[in-house]
Amino acid sequence: MKIRILKRCGASAVALIAFAGITSAAMADTADIGPVNVTLGGFLAMETLDRSRNEGADIGSTFSGIPFPSTNTAHTSELRFSARQSRLSILAQGNADADTHLAFYGEFDFMAGPGSANSNESNSYSPRIRNVYGTVDWDAEGIELLAGQNWSLLTLNSHGITPRNEVPPATIDAQYSVGFNWARQPQIRIVKNFDHQLWLAVSLENPQTTFAGGPGATTISGLNVVDGITGSSEFDKAANTLSLNHLPDVIGKVAWEPVIGGSQPLHVEAFGLYRSFYDRVEVTSATNALGLPVGNNSDNVSGGGVGGSIAWSVFPKVLDIQLTGMTGSGIGRYGSGQLPDVTIRPNGELAPIQETTALLGATWHATPMLDIYAYAGQEAERPKFFNVTSGATTTHLGVGNPAVVTTGCATELGSCSVNLEAENQINGGFWWRIYQGKFGSFRFGAQYSYTKLESFAGVGGVHAPTDDSMVFTSIRYYPF
């Protein structure tokens with residue numbers, strides 16, 4: 001086994017790309033013990049956050065949960081210290097033969113909690129697994145197989161379609177940036193490489209549906225909808241509500257890196273996503289507003305989307321930019337803003353919500369020791385609402401219904417029923433390598449972000465906005 005200590009593992013690829021040349025000499029310390037190469041990585045983090053509105057969140061913000069002025073917490077700020085983003089990682093690699101390469105990768109942090117663990121985006125169960133997967137590469141065939149928990153295939157890569165080359169925003173905020181498309185979840189993936197310029201891949205990934213109003217939201221009188229189940233066995237029964245799933249999320253992706261001037265500064269991706277939404281409907285009364293017959297049935301509807309990304313080293317080692325976007329129906333769980341995937345039709349059938357996401361980012365490598373970054377992103381949904389009239393009673397259902405009351409959203413303890421239409425965010429910050437030497441490295445970062453939420457218009461055409469200004473700092477020690 002060969003043990004190698006990796007000094008820069010676990011940091012954002014965008015923020016730290018300028019330091020790659022510096023660390024190569026420091027990574028030379030190795031010990032050969034057989035045919036396996038083991039790389040250790042991680043960091044200790046001491047971080048602070050200061051929010052203008054109290055989300056009750058740790059270092060990972062809940063962008064869709066920023067309180068509106070109608071709540072008490074919207075009028076209180078939030079200051080917290082946190083070390084929970086500290087991270088440990090291990091990579092083991094070996095060659096079965098000259099053509100076949102095997103690898104195992106595990107990455108862990110301390111951000112799980114029984115009350116917040118779920119399968120929505122980061123699959124955050126205790127102990128908190130970020131990534132645990134194995135890969136097999138066959139050089140002659142140009143094929144790679146990946147199985148385990150990893151970044152979703154639709155997450156932007158910096159090179160090809162290869163693990164550990166993902167490009168999350170360089171933010172301190174562990175929820176990254178509004179407009180960033182990602183998940184970390186169990187999957188089975190196969191990738192075909194054509195001469196290291198073109199890659200094709202398909203992935204079957206863990207499904208989970210997020211609901212407007214939460215699982216079990218009501219529909220018309222006389223119907224009972226079952227669209228989720230309380231967790232049992234290894235899930236926390238009190239905290240985890242799981243959607244009904246019967247098909248995986250299916251993602252296909254192509255990546256292209258043309259040779260330009262003897263190098264490959266441009267990385268282009270396009271992907272497609274297929275999703276299936278599933279529930280059980282019980283009609284308990286024949287006098288329901290739709291006149292549906294009494295009985296039970298299972299409903300299945302399809303959703304999904306298309307998207308793409310560009311990562312471009314405009315001036316190598318000086319300026320990098322990235323652009324990502326996605327549009328489709330029922331894609332909310334893949335956005336950092338976590339808008340809902342579906343609402344419920346009057347007949348109990350799930351209705352995927354149309355959504356579009358976009359993120360533009362830039363990183364300036366001001367010096368070999370300092371990176372400065374900025375991002376601007378949006379996640380926005382289209383209305384999906386239904387009005388059902390029975391006699392003198394009208395029931396308002398779905399998302400974006402103009403009959404909901406938003407007139408009190410600007411007044412503390414006012415009457416406010418909010419469906420989010422859009423999340424907009426700008427953020428920026430820097431990472432400064434303070435020390436690099438035989439004792440490891442210290443890095444300091446600071447970030448500011450401004451997030452604005454906009455509700456759909458309610459009674460009288462009133463939109464209800466809210467916003468949050470957030471400041472983060474981070475001191476990270478990389479001992480390896």
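The values are calculated or read from the model by the stated rules, or taken from the named source; none is laboratory data. The structure displayed is predicted, hence computed values, not measured ones. Neighbour counts are summed over all protein chains in view; Cβ atoms, including those assigned to glycine, are modelled from backbone coordinates with ideal geometry. Ligands, DNA and RNA are stripped out before the accessible areas are found, and what is left, the full protein with its side chains, is counted by its heavy atoms. Shrake-Rupley method; radii C 1.70, N 1.55, O 1.52, S 1.80 Å.
Checked against the criterion of being farther than 30 Å from Ile321 by Cβ, out of contact with any strand residue (DSSP E or B) (no Cβ under 6 Å at 6 or more places or on another chain) and outside any loop (DSSP other than H, G, I, E, B), the candidates Gly460, Gly414, Gly398 yield just one match: Gly460. Return the residues of the range 432-456 that are surrounded by 15 or more Cβ atoms within 10 Å (Cβ to Cβ), more than 18 Å from Gly41 (Cα to Cα) and over 25 Å from the mean Cα position of the chain (by Cα); say none if nothing qualifies. The answer is Trp432, and nothing else. Taking the stated definitions as given, is Thr327 among the hydroxyl-bearing types (Ser, Thr, Tyr), under 25 Å from Phe271 (Cα atoms) and open to solvent by 60 Å² or more (accessible area, probe 1.4 Å)? The answer is no for Thr327.
Please indicate, with yes or no, whether at least one residue in the range 346-354 is at pLDDT below 95, touching a Leu at 6+ places or on another chain (Cβ under 7 Å), among the polar types (S, T, N, Q) and surrounded by fewer than 22 Cβ atoms within 10 Å (Cβ to Cβ). Checked against the condition, which is being at pLDDT below 95, touching a Leu at 6+ places or on another chain (Cβ under 7 Å), among the polar types (S, T, N, Q) and surrounded by fewer than 22 Cβ atoms within 10 Å (Cβ to Cβ), the range 346-354 yields at least one hit.
Test of understanding: among Glu423, Glu412, which residue is acidic (Asp, Glu), touching a residue at least 12 places away in the same chain (Cβ under 8 Å), open to solvent by 30 Å² or more (accessible area, probe 1.4 Å) and more than 17 Å from Arg345 (Cα to Cα)?
Working: Glu423 fails: open to solvent by 30 Å² or more (accessible area, probe 1.4 Å).
It is Glu412.
Considering the range 310-356 alone, what residues qualify as being out of contact with any Asp or Glu (no Cβ under 6 Å at 6 or more places or on another chain) and in a helix (DSSP H, G or I)? Residue satisfying the conditions is Tyr334 alone. Where strands (runs of 3 or more DSSP E) sit wholly within the range 234-303, those with at least 1 residues that are open to solvent by 70 Å² or more (accessible area, probe 1.4 Å) and aromatic (Phe, Trp, Tyr) occupy 249-256, 266-283.
Of the residues making up the range 106-119, not a single one is of a type in the set (Phe, Trp, Tyr) and under 16 Å from the mean Cα position of the chain (by Cα). Output yes when any residue across the range 93-102 is in contact (Cβ under 8 Å) with a residue 60 or more places away in the chain and either crowded, with 18+ Cβ neighbours inside 10 Å or more than 29 Å from Ile372 (Cα to Cα) (or both), and no when none is. Checking the range 93-102: at least one residue is in contact (Cβ under 8 Å) with a residue 60 or more places away in the chain and either crowded, with 18+ Cβ neighbours inside 10 Å or more than 29 Å from Ile372 (Cα to Cα) (or both).
Checking each residue in the range 140-190 for being on the phi > 0 side of the Ramachandran plot and open to solvent by 10 Å² or more (accessible area, probe 1.4 Å) picks out Gly142, Gly148, Arg164, Tyr176.
A Cβ distance below 6 Å, combined with a sequence gap of six or more or placement on separate chains, defines the contacts here; from the range 256-278, residues that are among the aliphatic types (A, V, I, L, M) reach residues that are open to solvent by 40 Å² or more (accessible area, probe 1.4 Å) in the pairs Leu266/Trp312; Val268/Trp256; Val268/Ile310; Ala270/Val254. Listed conditions (1) touching a Cys at 6+ places or on another chain (Cβ under 8 Å); (2) within 26 Å of Ser441 (Cα to Cα); (3) at pLDDT 95 or above are all met by Phe68, apart from (2).
Quickly run through the range 397-409 and pick out the residues that are small (Gly, Ala, Ser) and buried (at least 16 other Cβ atoms within 10 Å of the Cβ). Answer for the range 397-409, where residues must be small (Gly, Ala, Ser) and buried (at least 16 other Cβ atoms within 10 Å of the Cβ): Gly398, Gly400, Gly408. Inside the range 214-228, residues that are modelled with pLDDT of 75 or more, under 24 Å from Thr393 (Cα atoms) and assigned to a loop (DSSP other than H, G, I, E, B) make up a count of 4.
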